[in-house]
Amino acid sequence: MCSHYQTLKDAELLLKKFGAPNKPASREYDIWPRRRGAFIRRPIEHDASDEAVPEREAVVGQWGMIPPGTRPEKLAEANKKSTFNARSETAHQLWTFRKAWAKAQRCIIPADAIFEPDWRPVYECRGERPIATRFTRADGAPLGIAGLWDRWRDAAGQLQESYTMLTINADEDPLFRDYHQASKEKRMIVILPEGAYEDWLTAPVADTRDFLLPYPAERLVAEPQPK
């Protein structure tokens, strides 16, 4: 489960690594739930046979899916729910995510790094606190995180974008099994290999689970952060 990540500082990487021709307006680097970050998707108009429509676009939205049908006056209440991560095992069933899953509204969330808490010091030494740990790709390339996106109409009638990261079980993962609290299930986000980006965005709904695999631990670097 990821509740903090860093997006890309270099907008040119969106084109070079993710094929997005436009520069999103987001200016925040450290992204926490309910903040606005960039994600990559196929344009909604991609099936209109319009050659002017690009294959991919960068969109800015809220990190934390807004449940479909949420009334504007209920938005604050809806935003109290934990919707920034979606369990891949149940996303197709839950009201918040199932429409996006059923419509194959998949996206890629570009990131320089993600953060997870290391609880081992807490269990090894009383009085210690969990240590925030920064995960990056060993080759220095940006992470492409698998997600779902949706749209919501606000009180002014404007469509607002939101997105979530998909997670899988990590109890047996050689890296992520050491993070989070010992009494809880270990979870990890889905980091896509670069060669799978196009298929992830275009594959039929029935193939979604084929992409929900752990990223090789040896291709990631975990760095404890100073207190």
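The values are calculated or read from the model by the stated rules, or taken from the named source; none is laboratory data. The structure displayed is predicted, hence computed values, not measured ones. Virtual Cβ from ideal backbone geometry, glycine too; neighbours counted across all protein chains shown. To get the accessible areas, we keep the full protein, side chains included, count just its heavy atoms, and leave off ligands, DNA and RNA. Shrake-Rupley method; radii C 1.70, N 1.55, O 1.52, S 1.80 Å.
Around residue 219, what is the net charge, scoring Lys/Arg as +1 and Asp/Glu as -1 over all other residues with Cβ under 14 Å from its Cβ?
-3
State whether the chain is rounded, prolate or oblate according to the following rule on the C-alpha gyration tensor (a ≥ b ≥ c being the square roots of its eigenvalues): a/c under 1.5 gives rounded; otherwise a/b larger than b/c gives prolate, and the remaining case gives oblate. Can you show the working numbers first?
Details: a/c = 1.66, a/b = 1.39, b/c = 1.19.
Prolate is the answer for the chain, as a/c is 1.5 or above and a/b outweighs b/c.
Cross-link partners among aspartates and glutamates for residue 99, C-alpha distance below 12 Å, same-chain residues fewer than 8 apart left out?
150
Would you calculate, for the chain, the mean residue ellipticity at 222 nm contributed by helices, counting each DSSP H stretch of 4 or more residues as -39,500 (n - 2.57) and dividing by all residues, to the nearest 500? Please list the in-between numbers first.
Working: 5 runs with 30 residues, N = 227.
My calculation for the chain gives -3000 deg cm²/dmol from helical runs alone.
Taking a probe of 1.4 angstrom, what is the accessible area of residue 189 in Å², to the nearest 10?
0
What percentage of the solvent-accessible surface of the range 176-227, computed with a 1.4 Å probe over protein heavy atoms, is contributed by carbon and sulfur atoms? Could you put the intermediate results ahead of the total?
Values: 1480 of 2900 Å².
In the range 176-227, the share of accessible area belonging to carbon and sulfur is 51 percent.
What GluC sites (Glu not before Pro) in the range 151-201 are in a loop by DSSP, with at most 15 other Cβ atoms within 10 Å of the Cβ?
Numbers: sites: 161, 172, 185, 194, 198; in loops: 172, 185.
Passing both the DSSP loop test and the Cβ count: 172, 185.
Placing +1 at every Lys and Arg Cβ and -1 at every Asp and Glu Cβ, with all other atoms neutral, what dipole size does the chain have around its Cα centre, in debye to the nearest 20?
The dipole magnitude comes to about 900 debye.
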